[in-house]
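Notes to accompany the following structure.
The values are calculated or read from the model by the stated rules, or taken from the named source; none is laboratory data. Please read all numbers here as calculations on a predicted model, not as lab measurements. In this analysis, Cβ positions are derived from the backbone assuming ideal geometry, glycine residues included, and neighbour counts consider all displayed protein chains. The area values use the complete protein model at the heavy-atom level, side chains included, leaving out ligands, DNA and RNA. Shrake-Rupley method; radii C 1.70, N 1.55, O 1.52, S 1.80 Å.
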Amino acid sequence: MAAHSSRRDFLKGAALTGVGVWVADAAWAQDKSPNEKVNFACIGLGGKGDSDTADAARYGNVVAICDVDEGTLNKSAAKYPNARKYTDFRKMLDEMDKSIDAVTVSTPDHTHAPAAAMAMRMGKHCFCQKPLTHTIYEARKLGELARDKKLATQMGNQGTADSGLRKSAAMLKAGVLGNVQEVHVWTNRPIWPQGGPRPEAMPVPGTVAWDLWLGPAPERPYSKEYHPFGWRGYWDFGTGALGDMACHTMNMPFMGLDLRNPTSVQAQTSGHNQDSFPKWSIIQYEFPATAQRPALRLTWYDGGKLPPSELLEGRKAGGSGSLIIGDKGKLYTPADYGGGGELLGGASPVEVTFPQSPGHFQEFVRAIKGGEAAMSNFPDYASPLTETVLLGNLAVWADGKKIEWDSKNLKAKNAPEVQHIVRAEYRKGWKL
């Protein structure tokens, strides 16, 4: 039996026989045998990657680290001196195959899917930052791959583990608002340059492997406007304000109202050059009726746009939040994560039960060791949420045209011109 298969079987057995291992945070950090710890390889170490790697170290062993920026890589290596260093995740996975149980992927959006898919095809469990992928097609494929390989997976939308979010979603499922007709979700993003011309070329810093940073994206000259932060505003690398934040702010209504498989989407925007996302957008999704709720409309706002103030009954919208409107009242949740909601318009709270989380990353480690799947696992939750979110960018690209969506086949029925946004072509040398 391969060494990594033996480790996986041992980890699963340890979880099934050790009930107490789930009781408290301290129990995770005090595994008595090194063999009980999960061996992680961490891809992308800057920004959110820093805290994701710290989580991996807290609940396991960080045995390999990878970043295309040697400055970031060396800074992380000082924290994890026993981890092998790489700038190319493909080489890391090939060389460290038998030493790795799981990976974290915390790179720019356009390299999420190539890194996650390669690791999962090798049988590695996968934690990936939000949005799960750069394109709708990639989101569908990662969900299918995780299910086929029977792997533990989780997307990094941490609010999914929050009791406040889960309680609000449970109340929606229990009918606290009656029949929901409208959902409004907004964000204070973008907080990076967006909607302007392509920046001028600059010399590549000596610490940056620019070709590796580009990954599957088309070649273009380096600019500090892309790395390390502003890439979110460019179609080739990011997913704009919608992709950056909707996996957080749309998360609670998605959970409570099962907002999957929209039938159409349409956007108003400030206009864009098909290189950078617009300065602002308002996107309307239409969702068909399900067995649990009637058809409804969701409206997304970014770039300073907000829902009509009269809908909030005197409350201030703030930088981000959500408002859900039913025939028995409203639920207003301020901020990004969907917790701390306030019932308006005569709605009264209802008693609900919901599963408590041991903590977001702890859910992932629990699943690796054979326990219950993480709530935001790829097949059942993160992939369909990401598909719904990223569908809005088809409408943003079309800028006014209503997109009729075939969710089963991932096709815009009336707009073949947006299909390259559904599924992008990869540059030579990169694959899903």
Response to the item:
Residue pairs qualifying under the 7 Å Cβ cut-off, at least six apart or on distinct chains, with the first in the range 237-259 being within 12 Å of Leu385 (Cβ to Cβ) and the second being among the acidic types (Asp, Glu) and assigned to a loop (DSSP other than H, G, I, E, B), are His248/Asp336; Thr249/Asp336
Worksheet entry | Leu11 being open to solvent by 70 Å² or more (accessible area, probe 1.4 Å) and modelled with pLDDT under 50 | no
Worksheet entry | Sole residue being in contact with a His (Cβ under 8 Å, 6 or more places away or on another chain), closer than 20 Å to Val62 by Cβ and of a type outside the set (Lys, Arg), chosen from Thr107, Thr153 | Thr153
Response to the item:
Restricted to the range 114-171 and to residues being of a type in the set (S, T, N, Q) and under 12 Å from the mean Cα position of the chain (by Cα), the residue farthest from Ala382 (Cα to Cα) is Thr135
Item to complete: Give the residue, chosen from Thr107, Thr87, that is surrounded by 20 or more Cβ atoms within 10 Å (Cβ to Cβ) and in contact (Cβ under 8 Å) with a residue 60 or more places away in the chain.
Response: Thr107
Discussion item. It is to be established whether one or more residues within the range 397-415 are surrounded by 15 or more Cβ atoms within 10 Å (Cβ to Cβ) and part of a helix (DSSP H, G or I).
Written reply: yes
Worksheet item: Inside the range 194-311, counting only helices (runs of 4 or more DSSP H) that do not spill past its ends, which hold 2 or more residues that are out of contact with any His (no Cβ under 9 Å at 6 or more places or on another chain) and open to solvent by less than 70 Å² (accessible area, probe 1.4 Å)?
Response: 240-249, 251-257
Worksheet entry | Those residues of the range 101-114 which are in contact with a Cys (Cβ under 8 Å, 6 or more places away or on another chain) and more than 16 Å from Ile136 (Cα to Cα), in sequence order | Ala102, Val103, Thr104, Val105, Ser106
Worksheet entry | the range 134-163 residues that are of a type in the set (Lys, Arg), paired with ones that are in a helix (DSSP H, G or I) (beta carbon under 6 Å, 6 or more apart) | Arg147/Pro379; Lys149/Met120
Worksheet item: Which number in (1) touching a Leu at 6+ places or on another chain (Cβ under 9 Å); (2) of a type in the set (S, T, N, Q); (3) modelled with pLDDT of 95 or more marks the one condition that Asn35 misses?
Response: (3)
Discussion item. For the range 312-328, which positions are of a type outside the set (A, V, I, L, M, F, W, C), crowded, with 18+ Cβ neighbours inside 10 Å and closer than 13 Å to Ala347 by Cβ?
Written reply: Gly326
Worksheet item: If you go through the range 203-223 one residue at a time, do you hit one that is in contact with a strand residue (DSSP E or B) (Cβ under 6 Å, 6 or more places away or on another chain) and not small (Gly, Ala, Ser)?
Response: yes
Worksheet item: Consider Tyr337 against the criteria (1) in contact with a Gly (Cβ under 8 Å, 6 or more places away or on another chain); (2) open to solvent by 60 Å² or more (accessible area, probe 1.4 Å); (3) at pLDDT 95 or above: it satisfies all of them except one. Which criterion is unmet?
Response: (3)
Item to complete: Note down all Cβ pairs under 9 Å where the first residue falls in the range 367-384 and is charged (D, E, K, R), the second is modelled with pLDDT under 95 and in a loop (DSSP other than H, G, I, E, B), and they're at least six residues apart or on different chains.
Response: Lys369/Gly18
